[in-house]
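The values are calculated or read from the model by the stated rules, or taken from the named source; none is laboratory data. Values in this document were obtained by computation on a predicted structure and should not be read as measured data. Cβ placement follows ideal geometry from the backbone for every residue including glycine, while neighbour counts extend to all protein chains displayed. Side chains are part of the model used for accessible areas, which takes the heavy atoms of the whole protein and leaves out ligands, DNA and RNA. Shrake-Rupley method; radii C 1.70, N 1.55, O 1.52, S 1.80 Å.
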Protein chains: 2
Amino acid sequence: MAEVESARGARSGEVAQAEHRRPQSAREAILEAAARNIARQGIQGLRVEQVAEDAGVSTALLYYHFESRAGLVAAAFEYASEQAPSTALRLEDDTRSGYEAVRQSLLAELDEDPAVRDYSIVWGDVSASAVFEAELRPLLRSITGSWRDAVAGAIERGIRDGSIRADLDVDATAELLIVLVDGFCMRWLSGSLELERARALLEKAIAALLEP
Amino acid sequence: MAEVESARGARSGEVAQAEHRRPQSAREAILEAAARNIARQGIQGLRVEQVAEDAGVSTALLYYHFESRAGLVAAAFEYASEQAPSTALRLEDDTRSGYEAVRQSLLAELDEDPAVRDYSIVWGDVSASAVFEAELRPLLRSITGSWRDAVAGAIERGIRDGSIRADLDVDATAELLIVLVDGFCMRWLSGSLELERARALLEKAIAALLEP
């Protein structure tokens, strides 16, 4: 036990030192650890002490960055959303057609890559928890809105470059597509649908909705 | 406290007596109470003693019917699924066109009626919990499969009666539709989308996918 404590102390010291050089790194280590912990056992099973230990920081430093358990959950959710593949839609210098940008980035959300899977579990668990915990809703609503707007932006680009049909309701289609992605992620993560089947169905729906 | 206990004892006695006359009623009272409790605070917050109290039965009778907490959750999930509006799709004497049967029954899942809302929360919470609890998956998979098959059956009927386009992949379309319903329910219940907006988008998607 003394050894574990001292090992943790040493790691904590390292990260704290690293933090002075690169201000974001202890924060990011905590967010990564929080996302991994939520992905393993859900928000309800999240233990702040475990997150601090996994991140190699003290709980005091964790609370310094995130104030409370609820603050940590919210920040981990925001972090997971920022790491999700769809965020590539926001890049300015995207050389793909609008259609390919939408298709590739939405399909990339259904991926066995452990990081993508973990972020997807965090996203789904925060959504599910917001049914019971009203304080999660404003952030969920805001991040869902940003995602929808990014998809809508790519759809508009696709209409301009001719890769997407021009007669669609952009906002409604963007909303529909992200609802589909979340629905298929839930089926996949809960074991109701094989990943490949979910991907194939999503790809078919994207083609049916967007192709000119 | 003594008064509460005796009031509960009286209710318990009534239901137990009713059970002798109508064998399903204590069981159903427990399932209703379990569904309401899950809808209020989720599976993780479910307390067996509270369910028994709300149902007006003893915990002994509850365990007689459901063996364990996990058995109660599974049975409550199955019960909520059976009460969901889409089950009307399985009726033999449906006089609606196939298209109207699909449209009306899927839209009916998005409804402010407290019972419909509660069953929907139970469904969503079991799906979300199955991400972490593998033992929930076989039942979830089986009930999701039955739902998809009921929708597929109504789509086939719609193709025969001419109300639904004939060139679609029936199973893929049924799967897509129920994923959409679940996705929109999650958006609605988690406060990310207004109910009316969710209904309008779902209705539009149904028309786009099914109309001849």
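Annotation: B:T59 carries an accessible surface of approximately 60 Å², with a 1.4 Å probe and no ligand, DNA or RNA atoms counted. When the convex hull of its Cα atoms is viewed from all sides, chain A shows a mean projected area of 13.4 nm². Each of B:I143, B:I38 has its accessible area taken with a 1.4 Å probe; listed largest first, they run B:I143, B:I38. For a Förster distance of 56 Å, can you work out the FRET efficiency between the beta-carbons of B:E28 and A:D167, rounded to the nearest 0.05? With R0 = 56 Å, the Cβ-Cβ based efficiency is 0.65. Computed from backbone phi, the HN-Hα couplings of the range B:157-164 come to 4, x, 5, 5, 8, x, 7, 10 Hz, rounded to whole numbers (Karplus: 6.51 cos²θ - 1.76 cosθ + 1.60, θ = phi - 60°; Gly and Pro given as x). Under a Gaussian network description of chain A, with springs only between Cα atoms under 10 Å, the residue in A:S81, A:S120, A:S146 that fluctuates furthest is A:S146. Modelled spin labels at B:D111 and B:L195, positioned 7 Å past Cα toward Cβ, are 1.1 nm from each other. With a/c under 1.5 counting as rounded, go ahead and sort the range B:70-152 into rounded, prolate or oblate using the C-alpha gyration tensor (a ≥ b ≥ c being the square roots of the eigenvalues; past the cut-off, prolate if a/b is larger than b/c, else oblate). Prolate. In nanometers and ordered shortest first, the copy-to-copy spacing of the A:E156 label point, defined 7 Å from Cα toward Cβ, is 4.5. Oblate is the label for the protein assembly as shown, because the ratio a/c of its alpha-carbon gyration tensor axes (a ≥ b ≥ c) is 1.5 or higher and a/b is not greater than b/c. With a 1.4 Å probe and every protein chain kept in, tell me what percent of the accessible surface of the protein assembly as shown is carbon plus sulfur. Carbon and sulfur: 49 percent of the exposed surface of the protein assembly as shown. Buried between A and B is an accessible area of approximately 3400 Å², summed over both sides with a 1.4 Å probe.
Placing a label point 7 Å from Cα along the Cα-to-Cβ axis, B:A115 is separated from the same position in the other copies by 4.9 nm, shortest listed first. For the pair the range B:56-130 and the range B:188-212, the centres of their Cα atoms are 20 angstrom apart. A point 7 Å from Cα along Cα→Cβ stands in for A:D167, and the other copies hold the same point at 1.4 nm, listed in rising order. What chain A shows is 46 Å² of accessible area per residue, with the surface traced by a 1.4 Å probe over protein heavy atoms.
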